[in-house]
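Heads up, the thing below is written out as C-alpha coordinates.
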Amino acid sequence: MNGAEALIAALVSGECDTCFTNPGTSEMHIVAALDRRPEVGCVLCLFEGVATAAADGYARMKRKPAWTLLHLGPGLANSLANLHNASRGHVPIVNIVGQHAIDHLKHDTPLVSDIEGIARPYSRWLRTSRSDSEVGRDATEAIVASRTPPGQIATLVVPADVAWGESGFPAPPPVFPSPRLPAPETIERIAAMLRTGARTALLLSGSALYGRGLAAAARIAGASRAKLLSPYPLVRIERGAGTACVDRVPYVPEQAMEALKDFRQMILVGAAAPLAYFASPSKKTVLTPPECTIETLAKPEEDCTGGLEALETLLPPGKSKPLVEPSARPPMPRGEITLPGLAAAVAALLPDGCIVVDESMTTGRAMLPAARGTGPHDWLGNPGGSIGIALPLAVGAAVACPSRPVLCLSADGSGMYTVQALWTMAREGLHVITVILANRAYSVLKREFDNLGGGKPGARALDLFDIGRPDLDWVALAKGMGVPGTRVTSLDSFGRALQDGFAAEGPRLIEVPL
(Lines give C-alpha, C1' and ligand atoms only; values in the text may rest on other atoms or scores of the structure.)
Protein backbone atom coordinates (compact mmCIF):
# COMPACT_ATOMS: atom_id res chain seq x y z
CA MET A 1 0.00 0.00 0.00
CA ASN A 2 1.45 3.34 -0.98
CA GLY A 3 0.85 6.60 0.86
CA ALA A 4 -1.91 7.73 -1.50
CA GLU A 5 -3.81 4.48 -0.97
CA ALA A 6 -3.44 4.85 2.81
CA LEU A 7 -4.77 8.39 2.52
CA ILE A 8 -7.86 7.32 0.60
CA ALA A 9 -8.46 4.36 2.93
CA ALA A 10 -8.41 6.71 5.93
CA LEU A 11 -10.82 9.12 4.26
CA VAL A 12 -13.26 6.31 3.47
CA SER A 13 -12.97 4.91 6.99
CA GLY A 14 -13.78 8.38 8.32
CA GLU A 15 -17.01 8.65 6.26
CA CYS A 16 -15.32 11.29 4.09
CA ASP A 17 -16.22 9.67 0.80
CA THR A 18 -17.03 12.54 -1.58
CA CYS A 19 -14.30 14.59 -3.26
CA PHE A 20 -14.60 17.91 -5.11
CA THR A 21 -11.40 18.47 -7.01
CA ASN A 22 -9.25 20.23 -9.55
CA PRO A 23 -6.05 18.16 -9.38
CA GLY A 24 -2.61 18.73 -10.87
CA THR A 25 0.71 16.96 -11.39
CA SER A 26 1.67 16.63 -7.73
CA GLU A 27 -1.62 14.83 -6.97
CA MET A 28 -1.40 12.14 -9.67
CA HIS A 29 -0.70 9.28 -7.25
CA ILE A 30 -3.77 10.31 -5.24
CA VAL A 31 -5.81 10.34 -8.48
CA ALA A 32 -4.47 6.87 -9.28
CA ALA A 33 -5.50 5.66 -5.82
CA LEU A 34 -8.99 7.07 -6.42
CA ASP A 35 -9.16 4.94 -9.56
CA ARG A 36 -9.05 1.88 -7.31
CA ARG A 37 -11.73 3.08 -4.83
CA PRO A 38 -15.01 3.36 -6.77
CA GLU A 39 -16.94 3.96 -3.55
CA VAL A 40 -15.44 7.48 -3.41
CA GLY A 41 -17.51 9.97 -5.36
CA CYS A 42 -15.32 12.36 -7.36
CA VAL A 43 -16.68 15.61 -8.81
CA LEU A 44 -14.45 17.62 -11.13
CA CYS A 45 -14.61 21.41 -10.80
CA LEU A 46 -13.03 23.86 -13.24
CA PHE A 47 -12.03 26.31 -10.52
CA GLU A 48 -10.91 25.66 -6.97
CA GLY A 49 -13.36 28.19 -5.53
CA VAL A 50 -16.12 25.99 -6.97
CA ALA A 51 -14.63 22.92 -5.29
CA THR A 52 -14.52 24.45 -1.80
CA ALA A 53 -18.01 25.96 -1.96
CA ALA A 54 -19.38 22.67 -3.31
CA ALA A 55 -17.78 20.87 -0.36
CA ASP A 56 -19.45 23.48 1.86
CA GLY A 57 -22.93 22.83 0.40
CA TYR A 58 -22.44 19.08 0.67
CA ALA A 59 -21.44 19.29 4.33
CA ARG A 60 -24.36 21.54 5.26
CA MET A 61 -26.86 19.02 3.96
CA LYS A 62 -25.06 15.79 4.92
CA ARG A 63 -23.80 17.05 8.29
CA LYS A 64 -20.42 15.47 7.56
CA PRO A 65 -17.44 16.75 5.57
CA ALA A 66 -16.61 16.26 1.95
CA TRP A 67 -12.99 16.65 0.95
CA THR A 68 -11.27 18.72 -1.67
CA LEU A 69 -8.17 17.78 -3.64
CA LEU A 70 -6.28 20.92 -4.65
CA HIS A 71 -3.06 21.56 -6.58
CA LEU A 72 -0.22 23.17 -4.63
CA GLY A 73 -0.32 26.70 -3.20
CA PRO A 74 -1.87 28.47 -6.20
CA GLY A 75 -4.76 25.99 -6.32
CA LEU A 76 -5.39 26.44 -2.62
CA ALA A 77 -5.16 30.22 -2.99
CA ASN A 78 -7.85 30.13 -5.68
CA SER A 79 -10.18 28.50 -3.17
CA LEU A 80 -9.82 30.90 -0.26
CA ALA A 81 -12.82 33.20 -0.74
CA ASN A 82 -15.25 30.34 -0.31
CA LEU A 83 -13.16 28.75 2.45
CA HIS A 84 -13.68 32.08 4.23
CA ASN A 85 -17.45 31.60 3.96
CA ALA A 86 -17.26 28.02 5.21
CA SER A 87 -15.05 28.98 8.14
CA ARG A 88 -17.47 31.71 9.23
CA GLY A 89 -20.30 29.17 9.12
CA HIS A 90 -18.40 26.48 11.06
CA VAL A 91 -18.80 24.10 8.12
CA PRO A 92 -16.58 20.99 8.26
CA ILE A 93 -14.31 20.53 5.23
CA VAL A 94 -11.13 18.49 4.76
CA ASN A 95 -8.69 19.96 2.24
CA ILE A 96 -6.03 17.68 0.76
CA VAL A 97 -3.43 19.86 -0.93
CA GLY A 98 -0.67 18.38 -3.05
CA GLN A 99 2.93 19.49 -2.54
CA HIS A 100 6.14 18.93 -4.45
CA ALA A 101 8.26 15.99 -3.35
CA ILE A 102 10.17 17.07 -0.24
CA ASP A 103 13.60 16.81 -1.87
CA HIS A 104 12.35 18.80 -4.88
CA LEU A 105 11.49 21.90 -2.83
CA LYS A 106 15.14 22.96 -2.53
CA HIS A 107 15.22 23.69 -6.27
CA ASP A 108 12.61 26.47 -5.89
CA THR A 109 10.83 25.59 -9.12
CA PRO A 110 8.06 27.89 -10.43
CA LEU A 111 5.13 26.43 -8.45
CA VAL A 112 6.89 26.27 -5.07
CA SER A 113 5.03 28.36 -2.49
CA ASP A 114 4.29 28.58 1.23
CA ILE A 115 1.25 26.30 1.25
CA GLU A 116 0.89 26.31 5.04
CA GLY A 117 1.05 30.11 5.05
CA ILE A 118 -1.76 30.25 2.49
CA ALA A 119 -3.85 27.69 4.41
CA ARG A 120 -3.39 29.02 7.93
CA PRO A 121 -6.00 31.84 8.01
CA TYR A 122 -8.87 29.43 7.24
CA SER A 123 -7.61 26.16 8.71
CA ARG A 124 -8.22 25.45 12.38
CA TRP A 125 -6.16 22.27 11.91
CA LEU A 126 -3.15 22.24 9.59
CA ARG A 127 -0.41 19.70 8.96
CA THR A 128 2.08 18.61 6.30
CA SER A 129 2.56 14.84 6.12
CA ARG A 130 6.23 13.88 6.34
CA SER A 131 6.07 10.15 5.74
CA ASP A 132 4.07 7.64 3.74
CA SER A 133 3.80 5.60 6.94
CA GLU A 134 2.07 8.51 8.72
CA VAL A 135 -0.22 9.97 6.05
CA GLY A 136 -3.14 7.63 6.88
CA ARG A 137 -3.01 8.66 10.51
CA ASP A 138 -2.73 12.32 9.49
CA ALA A 139 -5.84 12.02 7.32
CA THR A 140 -7.81 10.43 10.15
CA GLU A 141 -6.80 13.25 12.50
CA ALA A 142 -7.81 15.81 9.87
CA ILE A 143 -11.30 14.29 9.64
CA VAL A 144 -11.68 14.25 13.42
CA ALA A 145 -10.53 17.87 13.58
CA SER A 146 -13.03 18.92 10.92
CA ARG A 147 -15.87 17.29 12.87
CA THR A 148 -14.85 18.73 16.22
CA PRO A 149 -17.75 20.97 17.30
CA PRO A 150 -18.87 23.34 15.96
CA GLY A 151 -17.21 22.15 12.72
CA GLN A 152 -14.12 23.56 11.09
CA ILE A 153 -11.73 23.38 8.16
CA ALA A 154 -8.81 20.97 8.34
CA THR A 155 -6.03 21.10 5.74
CA LEU A 156 -3.55 18.30 5.11
CA VAL A 157 -0.63 18.97 2.77
CA VAL A 158 0.61 15.79 1.06
CA PRO A 159 4.02 15.89 -0.69
CA ALA A 160 4.24 13.82 -3.85
CA ASP A 161 6.88 11.46 -2.45
CA VAL A 162 4.67 10.80 0.60
CA ALA A 163 1.89 9.79 -1.83
CA TRP A 164 4.08 7.47 -3.91
CA GLY A 165 6.06 5.96 -1.03
CA GLU A 166 5.33 2.26 -0.48
CA SER A 167 5.18 2.16 3.33
CA GLY A 168 1.59 3.26 3.83
CA PHE A 169 -0.83 1.37 6.03
CA PRO A 170 -4.44 1.88 7.13
CA ALA A 171 -5.12 4.07 10.13
CA PRO A 172 -7.55 2.97 12.85
CA PRO A 173 -11.13 4.24 12.44
CA PRO A 174 -11.71 7.72 13.86
CA VAL A 175 -13.66 8.52 17.01
CA PHE A 176 -15.68 11.69 16.57
CA PRO A 177 -16.17 14.06 19.52
CA SER A 178 -19.65 15.12 20.60
CA PRO A 179 -20.57 18.66 21.62
CA ARG A 180 -20.89 19.24 25.34
CA LEU A 181 -24.13 20.41 26.90
CA PRO A 182 -24.29 23.93 28.31
CA ALA A 183 -23.75 24.03 32.07
CA PRO A 184 -26.90 23.33 34.14
CA GLU A 185 -26.60 26.69 35.87
CA THR A 186 -26.56 28.41 32.46
CA ILE A 187 -29.75 26.65 31.41
CA GLU A 188 -31.43 27.54 34.71
CA ARG A 189 -30.40 31.20 34.34
CA ILE A 190 -31.90 31.37 30.84
CA ALA A 191 -35.12 29.72 32.06
CA ALA A 192 -35.38 32.37 34.77
CA MET A 193 -34.99 35.08 32.13
CA LEU A 194 -37.82 33.61 30.07
CA ARG A 195 -40.09 33.44 33.12
CA THR A 196 -39.78 37.22 33.71
CA GLY A 197 -42.14 37.98 30.83
CA ALA A 198 -39.79 40.63 29.40
CA ARG A 199 -39.80 40.98 25.63
CA THR A 200 -37.26 38.32 24.64
CA ALA A 201 -35.62 37.11 21.43
CA LEU A 202 -33.89 33.78 20.91
CA LEU A 203 -31.23 34.24 18.22
CA LEU A 204 -30.68 30.79 16.73
CA SER A 205 -27.85 29.38 14.64
CA GLY A 206 -26.22 26.02 13.90
CA SER A 207 -28.27 22.96 14.77
CA ALA A 208 -30.88 25.18 16.44
CA LEU A 209 -32.20 26.06 12.97
CA TYR A 210 -33.16 22.57 11.81
CA GLY A 211 -34.27 19.18 13.08
CA ARG A 212 -34.81 18.59 16.81
CA GLY A 213 -33.21 21.90 17.73
CA LEU A 214 -35.66 23.97 15.72
CA ALA A 215 -38.62 21.89 16.96
CA ALA A 216 -37.54 22.51 20.57
CA ALA A 217 -37.18 26.23 19.85
CA ALA A 218 -40.76 26.30 18.52
CA ARG A 219 -42.03 24.71 21.72
CA ILE A 220 -40.03 27.15 23.88
CA ALA A 221 -41.47 30.07 21.90
CA GLY A 222 -44.96 28.70 22.46
CA ALA A 223 -44.39 28.33 26.19
CA SER A 224 -42.61 31.65 26.78
CA ARG A 225 -43.82 33.91 23.95
CA ALA A 226 -40.20 34.57 23.03
CA LYS A 227 -39.52 35.61 19.45
CA LEU A 228 -37.32 33.32 17.33
CA LEU A 229 -34.74 35.01 15.13
CA SER A 230 -31.87 33.91 12.91
CA PRO A 231 -28.81 35.97 11.99
CA TYR A 232 -28.77 37.46 8.52
CA PRO A 233 -25.61 35.45 7.69
CA LEU A 234 -27.35 32.11 8.18
CA VAL A 235 -25.90 28.72 7.25
CA ARG A 236 -28.98 26.51 6.98
CA ILE A 237 -32.56 26.82 8.15
CA GLU A 238 -35.51 24.44 7.82
CA ARG A 239 -38.63 26.27 6.76
CA GLY A 240 -42.19 25.84 5.56
CA ALA A 241 -45.63 25.29 7.01
CA GLY A 242 -45.46 23.44 10.32
CA THR A 243 -41.91 24.52 11.16
CA ALA A 244 -40.97 27.14 13.73
CA CYS A 245 -41.74 30.78 13.04
CA VAL A 246 -38.27 32.32 12.65
CA ASP A 247 -37.56 35.81 11.34
CA ARG A 248 -34.21 36.73 9.86
CA VAL A 249 -32.44 39.81 11.25
CA PRO A 250 -32.34 42.24 8.29
CA TYR A 251 -29.08 43.00 6.49
CA VAL A 252 -29.65 46.76 6.35
CA PRO A 253 -28.60 48.17 9.77
CA GLU A 254 -31.48 50.63 10.05
CA GLN A 255 -33.98 47.88 9.34
CA ALA A 256 -32.28 45.55 11.81
CA MET A 257 -32.33 48.17 14.57
CA GLU A 258 -36.01 48.79 13.94
CA ALA A 259 -36.75 45.04 14.12
CA LEU A 260 -34.82 44.67 17.39
CA LYS A 261 -35.76 47.89 19.17
CA ASP A 262 -38.42 46.44 21.50
CA PHE A 263 -36.41 43.51 22.86
CA ARG A 264 -35.16 43.77 26.42
CA GLN A 265 -33.55 40.33 26.49
CA MET A 266 -31.71 38.38 23.81
CA ILE A 267 -30.63 34.78 24.27
CA LEU A 268 -27.93 33.50 21.93
CA VAL A 269 -28.14 29.86 20.82
CA GLY A 270 -25.07 29.04 18.75
CA ALA A 271 -25.07 32.61 17.45
CA ALA A 272 -23.15 35.83 17.98
CA ALA A 273 -24.86 39.08 18.94
CA PRO A 274 -26.15 40.90 15.82
CA LEU A 275 -23.78 43.52 14.41
CA ALA A 276 -23.65 45.60 11.24
CA TYR A 277 -21.51 44.07 8.50
CA PHE A 278 -19.51 47.30 8.05
CA ALA A 279 -18.53 50.32 10.09
CA SER A 280 -20.10 53.67 9.27
CA PRO A 281 -18.95 57.15 10.29
CA SER A 282 -22.42 58.09 11.50
CA LYS A 283 -24.14 54.83 12.46
CA LYS A 284 -23.82 52.22 15.18
CA THR A 285 -22.28 48.80 14.77
CA VAL A 286 -24.28 47.20 17.60
CA LEU A 287 -27.82 46.56 16.39
CA THR A 288 -29.55 45.78 19.69
CA PRO A 289 -30.83 48.62 21.91
CA PRO A 290 -28.60 49.60 24.87
CA GLU A 291 -31.18 48.37 27.38
CA CYS A 292 -31.26 44.85 25.90
CA THR A 293 -29.52 42.25 28.10
CA ILE A 294 -27.71 39.62 26.03
CA GLU A 295 -26.99 36.17 27.47
CA THR A 296 -25.75 32.92 25.92
CA LEU A 297 -27.56 29.60 26.26
CA ALA A 298 -25.14 27.66 24.04
CA LYS A 299 -21.88 28.68 22.39
CA PRO A 300 -21.30 27.51 18.79
CA GLU A 301 -19.14 24.61 20.00
CA GLU A 302 -21.76 23.47 22.51
CA ASP A 303 -24.81 21.26 21.99
CA CYS A 304 -27.43 23.77 20.86
CA THR A 305 -30.09 21.11 20.37
CA GLY A 306 -29.48 19.53 23.78
CA GLY A 307 -29.42 22.95 25.42
CA LEU A 308 -32.80 23.90 23.95
CA GLU A 309 -34.35 20.57 24.93
CA ALA A 310 -33.03 20.94 28.48
CA LEU A 311 -34.32 24.51 28.63
CA GLU A 312 -37.76 23.36 27.57
CA THR A 313 -38.03 21.06 30.61
CA LEU A 314 -37.67 24.07 32.93
CA LEU A 315 -40.57 26.01 31.43
CA PRO A 316 -44.26 25.62 32.31
CA PRO A 317 -45.62 22.67 30.29
CA GLY A 318 -48.64 22.97 28.08
CA LYS A 319 -48.94 26.75 28.25
CA SER A 320 -49.53 26.97 24.52
CA LYS A 321 -48.86 25.16 21.28
CA PRO A 322 -45.50 25.44 19.49
CA LEU A 323 -45.26 28.57 17.38
CA VAL A 324 -45.15 27.23 13.82
CA GLU A 325 -45.78 28.67 10.39
CA PRO A 326 -49.32 28.29 9.02
CA SER A 327 -49.81 27.03 5.50
CA ALA A 328 -49.89 30.05 3.21
CA ARG A 329 -48.90 29.61 -0.42
CA PRO A 330 -49.63 32.73 -2.51
CA PRO A 331 -51.28 32.54 -5.94
CA MET A 332 -49.05 32.75 -8.98
CA PRO A 333 -48.67 36.44 -9.91
CA ARG A 334 -49.01 37.73 -13.45
CA GLY A 335 -47.83 40.68 -15.48
CA GLU A 336 -44.59 42.64 -15.59
CA ILE A 337 -41.55 41.64 -13.58
CA THR A 338 -41.31 43.19 -10.12
CA LEU A 339 -39.28 42.12 -7.11
CA PRO A 340 -42.37 41.35 -4.99
CA GLY A 341 -43.81 39.47 -7.96
CA LEU A 342 -40.69 37.32 -8.34
CA ALA A 343 -40.78 36.49 -4.63
CA ALA A 344 -44.46 35.54 -4.84
CA ALA A 345 -43.79 33.39 -7.92
CA VAL A 346 -41.03 31.47 -6.15
CA ALA A 347 -43.31 30.92 -3.15
CA ALA A 348 -46.20 29.83 -5.36
CA LEU A 349 -44.17 27.20 -7.20
CA LEU A 350 -41.57 26.00 -4.67
CA PRO A 351 -41.86 22.19 -4.48
CA ASP A 352 -41.81 20.30 -1.21
CA GLY A 353 -38.32 19.22 -0.22
CA CYS A 354 -36.60 21.88 -2.27
CA ILE A 355 -33.20 23.21 -1.18
CA VAL A 356 -32.93 26.96 -1.81
CA VAL A 357 -29.45 28.47 -2.13
CA ASP A 358 -29.71 32.22 -1.74
CA GLU A 359 -27.14 34.85 -2.69
CA SER A 360 -29.54 37.44 -4.08
CA MET A 361 -28.54 40.00 -1.47
CA THR A 362 -29.99 43.11 -3.15
CA THR A 363 -32.89 42.08 -5.36
CA GLY A 364 -33.95 38.86 -3.67
CA ARG A 365 -34.37 39.80 -0.01
CA ALA A 366 -38.14 39.33 -0.24
CA MET A 367 -37.75 35.69 -1.36
CA LEU A 368 -37.20 34.12 2.06
CA PRO A 369 -40.13 35.74 3.89
CA ALA A 370 -42.48 35.14 0.97
CA ALA A 371 -41.85 31.38 1.07
CA ARG A 372 -42.33 30.88 4.80
CA GLY A 373 -45.72 29.19 4.56
CA THR A 374 -44.98 26.87 1.64
CA GLY A 375 -44.16 23.17 1.90
CA PRO A 376 -41.09 21.93 3.80
CA HIS A 377 -37.77 23.12 2.42
CA ASP A 378 -34.25 24.13 3.44
CA TRP A 379 -32.70 27.55 2.88
CA LEU A 380 -28.93 28.02 2.64
CA GLY A 381 -27.29 31.43 2.96
CA ASN A 382 -23.84 33.01 2.89
CA PRO A 383 -22.39 33.17 6.42
CA GLY A 384 -19.15 34.87 5.38
CA GLY A 385 -20.31 37.57 2.96
CA SER A 386 -17.75 36.76 0.25
CA ILE A 387 -19.74 36.68 -2.98
CA GLY A 388 -19.55 33.91 -5.54
CA ILE A 389 -20.83 31.13 -3.30
CA ALA A 390 -24.31 30.38 -4.65
CA LEU A 391 -23.69 28.37 -7.83
CA PRO A 392 -21.07 26.01 -6.36
CA LEU A 393 -22.94 25.76 -3.05
CA ALA A 394 -25.88 24.49 -5.10
CA VAL A 395 -23.60 21.90 -6.72
CA GLY A 396 -22.64 20.52 -3.33
CA ALA A 397 -26.22 20.48 -2.02
CA ALA A 398 -27.41 18.65 -5.15
CA VAL A 399 -24.63 16.05 -4.88
CA ALA A 400 -25.52 15.52 -1.22
CA CYS A 401 -29.28 15.21 -1.87
CA PRO A 402 -29.77 13.88 -5.41
CA SER A 403 -33.48 13.23 -4.90
CA ARG A 404 -34.24 16.85 -4.01
CA PRO A 405 -34.46 19.81 -6.43
CA VAL A 406 -32.17 22.76 -5.74
CA LEU A 407 -33.18 26.34 -6.50
CA CYS A 408 -30.16 28.64 -6.78
CA LEU A 409 -30.89 32.37 -6.46
CA SER A 410 -27.95 34.45 -7.64
CA ALA A 411 -27.20 37.62 -9.59
CA ASP A 412 -25.10 38.55 -12.55
CA GLY A 413 -22.32 40.14 -10.50
CA SER A 414 -21.85 37.43 -7.88
CA GLY A 415 -22.57 34.63 -10.35
CA MET A 416 -19.59 35.55 -12.53
CA TYR A 417 -17.19 34.79 -9.69
CA THR A 418 -17.83 31.05 -10.01
CA VAL A 419 -19.68 30.68 -13.30
CA GLN A 420 -17.68 27.47 -13.93
CA ALA A 421 -20.09 25.71 -11.56
CA LEU A 422 -22.62 25.56 -14.41
CA TRP A 423 -20.31 23.16 -16.27
CA THR A 424 -20.14 20.86 -13.24
CA MET A 425 -23.94 20.94 -12.95
CA ALA A 426 -24.21 19.82 -16.57
CA ARG A 427 -21.47 17.19 -16.32
CA GLU A 428 -23.04 15.62 -13.21
CA GLY A 429 -26.63 16.00 -14.41
CA LEU A 430 -27.57 17.86 -11.22
CA HIS A 431 -31.15 19.02 -10.72
CA VAL A 432 -30.31 22.67 -10.07
CA ILE A 433 -32.50 25.53 -11.31
CA THR A 434 -30.34 28.66 -11.33
CA VAL A 435 -32.14 32.00 -11.37
CA ILE A 436 -29.89 34.92 -12.31
CA LEU A 437 -31.38 38.25 -11.23
CA ALA A 438 -29.60 40.39 -13.79
CA ASN A 439 -29.58 44.00 -12.67
CA ARG A 440 -26.37 44.75 -14.60
CA ALA A 441 -24.79 46.32 -11.53
CA TYR A 442 -23.18 45.80 -8.15
CA SER A 443 -26.32 47.38 -6.72
CA VAL A 444 -25.43 46.86 -3.08
CA LEU A 445 -22.36 49.09 -3.57
CA LYS A 446 -24.51 51.98 -4.78
CA ARG A 447 -26.36 51.90 -1.50
CA GLU A 448 -23.21 51.46 0.56
CA PHE A 449 -21.56 54.45 -1.16
CA ASP A 450 -24.27 56.72 0.19
CA ASN A 451 -24.54 54.85 3.50
CA LEU A 452 -20.87 55.48 4.25
CA GLY A 453 -21.14 59.20 3.62
CA GLY A 454 -19.85 59.24 0.06
CA GLY A 455 -22.74 61.37 -1.12
CA LYS A 456 -24.00 61.11 -4.65
CA PRO A 457 -21.61 59.00 -6.74
CA GLY A 458 -20.08 60.68 -9.77
CA ALA A 459 -19.64 59.24 -13.22
CA ARG A 460 -16.38 57.45 -12.39
CA ALA A 461 -17.78 55.88 -9.21
CA LEU A 462 -20.95 54.79 -10.98
CA ASP A 463 -18.85 53.20 -13.69
CA LEU A 464 -17.20 50.99 -11.07
CA PHE A 465 -20.61 49.73 -9.94
CA ASP A 466 -21.89 49.07 -13.48
CA ILE A 467 -21.38 45.61 -15.01
CA GLY A 468 -23.09 46.40 -18.29
CA ARG A 469 -21.36 47.63 -21.43
CA PRO A 470 -21.50 44.88 -22.60
CA ASP A 471 -24.38 43.19 -20.79
CA LEU A 472 -23.65 39.63 -19.74
CA ASP A 473 -25.61 37.08 -21.76
CA TRP A 474 -26.37 34.39 -19.20
CA VAL A 475 -28.36 32.24 -21.59
CA ALA A 476 -25.36 32.06 -23.92
CA LEU A 477 -22.98 31.47 -21.02
CA ALA A 478 -25.14 28.61 -19.74
CA LYS A 479 -25.47 27.08 -23.22
CA GLY A 480 -21.71 27.16 -23.63
CA MET A 481 -21.36 25.07 -20.49
CA GLY A 482 -24.11 22.60 -21.30
CA VAL A 483 -26.99 24.06 -19.28
CA PRO A 484 -30.23 24.93 -21.12
CA GLY A 485 -31.26 28.48 -20.38
CA THR A 486 -34.01 30.97 -21.06
CA ARG A 487 -34.48 34.70 -20.63
CA VAL A 488 -37.86 35.76 -19.29
CA THR A 489 -39.73 39.00 -19.87
CA SER A 490 -42.74 38.72 -17.56
CA LEU A 491 -43.88 37.00 -14.40
CA ASP A 492 -45.92 34.67 -16.59
CA SER A 493 -42.86 33.49 -18.53
CA PHE A 494 -40.83 33.33 -15.32
CA GLY A 495 -43.44 31.03 -13.78
CA ARG A 496 -43.47 28.76 -16.82
CA ALA A 497 -39.67 28.58 -16.87
CA LEU A 498 -39.54 27.81 -13.17
CA GLN A 499 -42.16 25.05 -13.52
CA ASP A 500 -40.24 23.57 -16.44
CA GLY A 501 -37.04 23.65 -14.41
CA PHE A 502 -38.58 21.83 -11.47
CA ALA A 503 -40.08 19.24 -13.84
CA ALA A 504 -36.77 18.63 -15.65
CA GLU A 505 -34.19 16.07 -14.56
CA GLY A 506 -31.00 18.07 -15.11
CA PRO A 507 -29.88 21.67 -14.64
CA ARG A 508 -31.66 24.73 -16.03
CA LEU A 509 -30.92 28.47 -15.95
CA ILE A 510 -33.37 31.36 -15.98
CA GLU A 511 -32.12 34.89 -16.62
CA VAL A 512 -34.37 37.62 -15.22
CA PRO A 513 -33.46 41.08 -16.59
CA LEU A 514 -34.19 43.80 -14.06
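The values are calculated or read from the model by the stated rules, or taken from the named source; none is laboratory data. Computed from a prediction, not measured in an experiment: that's the story for all the values here. We place every Cβ from the backbone using ideal geometry, glycine too, and count neighbours over all the protein chains shown.
Any idea how many residues of segment 314-370 are surrounded by fewer than 18 Cβ atoms within 10 Å (Cβ to Cβ), in contact with a His (Cβ under 9 Å, 6 or more places away or on another chain) and at negative phi? So the answer is 2. Any residue at all in segment 150-164 that is on the phi > 0 side of the Ramachandran plot, among the small types (Gly, Ala, Ser) and touching a Cys at 6+ places or on another chain (Cβ under 9 Å)? Within segment 150-164 (the criterion being on the phi > 0 side of the Ramachandran plot, among the small types (Gly, Ala, Ser) and touching a Cys at 6+ places or on another chain (Cβ under 9 Å)), the answer is no, since none of the residues qualifies. Checked against the criterion of being of a type in the set (A, V, I, L, M, F, W, C), surrounded by fewer than 20 Cβ atoms within 10 Å (Cβ to Cβ), under 20 Å from residue 370 (Cβ atoms) and at pLDDT 95 or above, the candidates 273, 259 yield just one match: 259. The residues of segment 463-511 that are touching a Phe, Trp or Tyr at 6+ places or on another chain (Cβ under 6 Å) and under 25 Å from residue 344 (Cα atoms), listed by number, are 488, 511.
Could you tell me whether residue 241 is surrounded by fewer than 21 Cβ atoms within 10 Å (Cβ to Cβ), touching a Ser or Thr at 6+ places or on another chain (Cβ under 7 Å) and either without any contact (Cβ under 8 Å) to a residue 12 or more places away in the chain or within 19 Å of residue 321 (Cβ to Cβ) (or both)?
Against the criterion (surrounded by fewer than 21 Cβ atoms within 10 Å (Cβ to Cβ), touching a Ser or Thr at 6+ places or on another chain (Cβ under 7 Å) and either without any contact (Cβ under 8 Å) to a residue 12 or more places away in the chain or within 19 Å of residue 321 (Cβ to Cβ) (or both)), residue 241 qualifies.
For segment 445-479, a tally of residues being at pLDDT 85 or above and either among the acidic types (Asp, Glu) or within 30 Å of residue 497 (Cβ to Cβ) (or both) returns 16. Residues in segment 46-65 that are in contact with a Pro (Cβ under 9 Å, 6 or more places away or on another chain) and assigned to a loop (DSSP other than H, G, I, E, B): 47, 63, 64, 65.
Residue count for segment 372-411, restricted to those that are charged (D, E, K, R) and in contact with a Cys (Cβ under 7 Å, 6 or more places away or on another chain): 1.
Somewhere in segment 71-78, is a residue modelled with pLDDT of 95 or more and either in contact with a His (Cβ under 8 Å, 6 or more places away or on another chain) or more than 17 Å from residue 119 (Cα to Cα) (or both)?
Yes, because at least one residue in segment 71-78 is modelled with pLDDT of 95 or more and either in contact with a His (Cβ under 8 Å, 6 or more places away or on another chain) or more than 17 Å from residue 119 (Cα to Cα) (or both).
Residue-wise test of (1) among the polar types (S, T, N, Q); (2) assigned to a loop (DSSP other than H, G, I, E, B); (3) at pLDDT below 95.
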{"position": "321", "(1), (2), (3)": "no, yes, yes"}
{"position": "334", "(1), (2), (3)": "no, yes, no"}
{"position": "345", "(1), (2), (3)": "no, no, no"}
{"position": "361", "(1), (2), (3)": "no, yes, yes"}
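Checked against the criterion of being under 24 Å from the mean Cα position of the chain (by Cα), among the charged types (D, E, K, R) and assigned to a loop (DSSP other than H, G, I, E, B), the candidates 365, 329 yield just one match: 365.
All told, residue 380 meets the bar of being modelled with pLDDT of 95 or more and not assigned by TED's automatic domain parsing to the domain that holds residue 256.
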